[in-house]
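Q: Before anything else, here's the structure in question.
The values are calculated or read from the model by the stated rules, or taken from the named source; none is laboratory data. Since the model is a prediction, treat every value here as computed from it, not as a measurement. As a convention, Cβ positions derive from the backbone with ideal geometry for all residues, glycine included, and neighbour counts pool all protein chains shown.
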Amino acid sequence: MARPSKFIEFKLCKSCNKELNYKNFRIVKPLTSGPNKGKLVAWTDINGGKRFGKCKDCEVTRARDRYLDNPIPQMLSNSRIRAKKKGIPHTIGTSYLEKIWPKDNKCPVLGNKFEMGYKKGYVYGNLVIVSDIVNRLKSDATLKDM
């Protein structure tokens, strides 16, 4: 009797339940923190690589849905990255962004619904949330200037 192979070419996605080729699942690296540090939470593909249990399409859909539901964590992450690249301070957090977020979900300058900076950095008192077009037009102008 043949011994079953531990390497898999096709796998059922845990989210959409479609049987897909291993290339449709992202490669997984060992965990970098927590009690399972250094361990892999994955299945083994036909080439011996470790893969995630959800397909790439399901991961993209989940990320998009999370952003549409609450864009603030992603906005905060992006602002940290920009601040680090520019070498400017970043002292804000989620609660501050939630506090200054327009209650009507509209750009305070143009009045349009959100579709999902100064060089002082991402610090208290130096932020206003506006639409992307206004942000590009604004550059270093203040709301009063606009």
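Q: Among the residues of region 9-52, what is the count of those that are part of a strand (DSSP E or B), surrounded by 14 or more Cβ atoms within 10 Å (Cβ to Cβ) and of a type in the set (A, V, I, L, M, F, W, C)?
A: Residues flagged as part of a strand (DSSP E or B), surrounded by 14 or more Cβ atoms within 10 Å (Cβ to Cβ) and of a type in the set (A, V, I, L, M, F, W, C) within region 9-52 amount to 4.
Q: To continue, here is another question. Run Gly87 past the list (1) in the same structural domain as Ile129 (by TED's automatic domain parsing); (2) modelled with pLDDT under 95 and report the number of the one that doesn't hold.
A: Single failed check for Gly87: (2).
Q: Next up: Considering (1) within 21 Å of the chain's Cα centre (by Cα); (2) charged (D, E, K, R); (3) part of a loop (DSSP other than H, G, I, E, B), say which one Asp104 fails and leave the rest.
A: Here Asp104 clears every test but (1).
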